[in-house]
Amino acid sequence: MNCCLQVENLAKSYGDLLLFEGVSFAIEEGERVALVGRNGSGKSTLLDVLAGRESADEGVVTPRRDLRVAYLEQNPLFPPGATVLEACFRSDSPALQAVAAYERALADPAGTGLQEAMNRMDALGAWGYEQRAKEVLSRLRIGDFDRPVGVLSGGQLKRVALASVLIDPADLLILDEPTNHLDADMTLWLEEYLVRSRAALLLVTHDRYFLDRVCGSILELERRGATLYRGDYAYFVEKKRERCEAEAARRESDRNLYRRELEWMRRQPQARATKARARVDAFEALEERLRSTRDEAALRLEVRATRIGTKIFEARGVCKSFGERRILRDFDYNFARYDKLAVVGDNGCGKSTLLKLILGIEKPDSGTIEVGESVRFGYYGQQGLAFDEGKKVIDVVTDIAREVELGDGRRMSASQFLQHFLFPPEVQHSFVARLSGGERKRLYLCTVLMRSPNFLVLDEPTNDLDIVTLGVLEEYLRAFRGCVLVVSHDRFFVDRVADHLLVFCGEGEVREFAGSYSDYLDWRRGREAARQEAASRERVAAPAQQAPVRTDSVRKLTFKEKRELEELELQIPELEREKASLEERLSSGELPFEELQHASERIAELIGRIDACSMRWLELSEIGG
């Protein structure tokens, strides 16, 4: 297998903050690698360096000659004034520029320039690209191409950026949190798309189901270095545990040796110059090794929930709409004590609005919402908290409280509490502006939990949090002595945290589902497959039902015409199957250019033949009555 990207001894720092050093690895053609590590370890910076957006302090990045790289940033930026169409087709590829011109011509009510755009598409063989673009845009629900990107939400911008990356054929895809702001259907489609793709892949993701389905290797950034594991997430966890146990045993052995050598060094301080030089050098090397491999802090969530009463929250006949868009219709629900519930549904269906209704941020159009007197909400919003960039991290927390109650009479200072959230003293006294996106989310979570809530309302808490933090948060929520209401598209997280679901079904209808998120998705896929099968049977039966029944037939079919009719009944489904197969291959993104062009021409030919055969079939059926 050929190497498409080689990385050797890479190092990067910002001022006195060293993110990583001595990082070396290679990505082979078609290999799929997940990059994991704690927030602030430098994952996004490493991707920026590999994509050429930033330069490394040391080391070399060697791409294969003519390597085409497509990069999805964590927070994508577009030129001011750009439209959705321009953002989606921002590649310099002539074929994609032709597709963009064709889409503009189609959207023009006057139809000016359409023929010229079609001629250019023919000349560049761009119809395969157009098919690929339409699949990507429709699956990511991107429309209204003339809309300025400046008015889009963060989630919409991320989807537009993802579309522009997938539309442009590349040899290496570098994706930073591609599943953020994608609902379950989009995530499943993206999984299948990447699995079909022949491109190599390096991605950062918090979605462990997505990681296992798409990636075969895991690269971990840890303690300023990188370790590659060839296997799935379970293999990574197992091997990392084994490595940590081996390192812990070695540290303990080093500590014992250090104590003995320290005594030896102290016994004759006046004769230090006469001691064995080799033994002194070995002691200094041991001291440095112990300093560099000190035990790593672990995130700890030890916050006492305020006692919660028996009456929690009750909604009766709640209705909510925004103009013509109906969010809730006659919604009823009664929260039980220690209820752990997840809200799921497509993007834009109203999940966040439901949370705001519960919190009292929004008011219902009709119906009643009663909240128990003992309920103390803790709200983690999807947009995060607008921190003052000029404040120090410690000041953000002490503005809320200087001490935090942990339960059992224990109290902790704000500084100690921040250390539990992996903010060491040097970071506590630095400014918020220096924090990474994931560190800001962790600080936000800290400010929510330190108020000791007994009803946690979490809107997309998994976005931008690292896998280690998510694992700790999952364990905390499972043991939490209060109510939990969470909105998340992370299937693994919801499966671990929620006992049952509230499902937005559309048109304001919300139903309860007694099962896990994975159970719900399996049930929905089964229902959709059954629906498509029924629709397919109806389409096959439709022509026979629509053929007019003649009671005064002028003539009957000849023997030759009967044979022709029988052949058409066999031929039409065969043509339909060939067309469907070609469309599937076109959507895969795996066909070389020549085959793409041939497949596009063949589909056009098949459509004409199917139309002609169908018309002849109807004509003969009408005669045969």
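The values are calculated or read from the model by the stated rules, or taken from the named source; none is laboratory data. Keep in mind the model is a prediction, meaning the values are calculated, not measured. Note: ideal-geometry Cβ built from the backbone for every residue, glycine included; neighbour counts use all protein chains shown. Accessible surface is based on the protein model in full, side chains and every heavy atom, while ligands, DNA and RNA are left aside. Shrake-Rupley method; radii C 1.70, N 1.55, O 1.52, S 1.80 Å.
A few points about this structure:
- Qualifying residue in region 60-78 (condition: modelled with pLDDT of 85 or more, under 22 Å from the mean Cα position of the chain (by Cα) and part of a helix (DSSP H, G or I)): no
- Considering 20, 25, the condition of being within 26 Å of residue 423 (Cα to Cα), in contact with a Leu (Cβ under 8 Å, 6 or more places away or on another chain) and part of a strand (DSSP E or B) is satisfied by 20 alone.
- When region 227-245 is filtered for residues that are open to solvent by 60 Å² or more (accessible area, probe 1.4 Å), of a type outside the set (D, E, K, R) and assigned to a helix (DSSP H, G or I), the ones remaining, listed by number, are 234, 235, 237.
- Here residue 198 clears all of (1) over 29 Å from residue 12 (Cα atoms); (2) open to solvent by less than 20 Å² (accessible area, probe 1.4 Å); (3) outside any helix (DSSP H, G or I) except the condition numbered (2).
- Residue within region 575-588 that is exposed (fewer than 12 other Cβ atoms within 10 Å of the Cβ), at pLDDT below 75, more than 39 Å from the chain's Cα centre (by Cα) and charged (D, E, K, R) present: no
- Hey, residue 29 open to solvent by 20 Å² or more (accessible area, probe 1.4 Å), in contact (Cβ under 8 Å) with a residue 24 or more places away in the chain, over 22 Å from residue 170 (Cβ atoms) and of a type in the set (Asp, Glu) or not: no
- Across region 355-375, the qualifying residues are those that are in a loop (DSSP other than H, G, I, E, B) and surrounded by 15 or more Cβ atoms within 10 Å (Cβ to Cβ), and the one among them that is nearest to the chain's Cα centre (by Cα) is 362.
- Residue list for region 418-431, restricted to those being of a type outside the set (A, V, I, L, M, F, W, C) and open to solvent by less than 10 Å² (accessible area, probe 1.4 Å): 428
- Of 434, 491, 451, 478, all but one fail to be within 18 Å of the chain's Cα centre (by Cα), open to solvent by 10 Å² or more (accessible area, probe 1.4 Å) and not β-branched (Val, Ile, Thr); the exception is 491.
- Residue match in region 58-67 (condition: crowded, with 19+ Cβ neighbours inside 10 Å and of a type in the set (A, V, I, L, M, F, W, C)): no
- A single member of 149, 204 is in contact with a Leu (Cβ under 8 Å, 6 or more places away or on another chain) and within 17 Å of residue 85 (Cα to Cα), and it is 149.
- Scanning region 407-444 for residues that are assigned to a strand (DSSP E or B), of a type in the set (A, V, I, L, M, F, W, C) and at pLDDT 85 or above turns up just one, 431.
- Residues that are at positive phi and either modelled with pLDDT under 80 or crowded, with 20+ Cβ neighbours inside 10 Å (or both) within region 126-147 comprise just one, 144.
- Pairs, first over 24 Å from residue 155 (Cβ atoms) in region 84-113, second surrounded by fewer than 22 Cβ atoms within 10 Å (Cβ to Cβ) and β-branched (Val, Ile, Thr), C-beta under 8 Å, six or more apart: 105/112
- Selection over region 148-159 of residues that are buried (at least 18 other Cβ atoms within 10 Å of the Cβ), closer than 25 Å to residue 521 by Cα and of a type outside the set (S, T, N, Q) gives a count of 2.
- Region 446-468: number of residues that are under 25 Å from residue 41 (Cβ atoms) and either touching a helix residue (DSSP H, G or I) at 6+ places or on another chain (Cβ under 6 Å) or in a loop (DSSP other than H, G, I, E, B) (or both): 8
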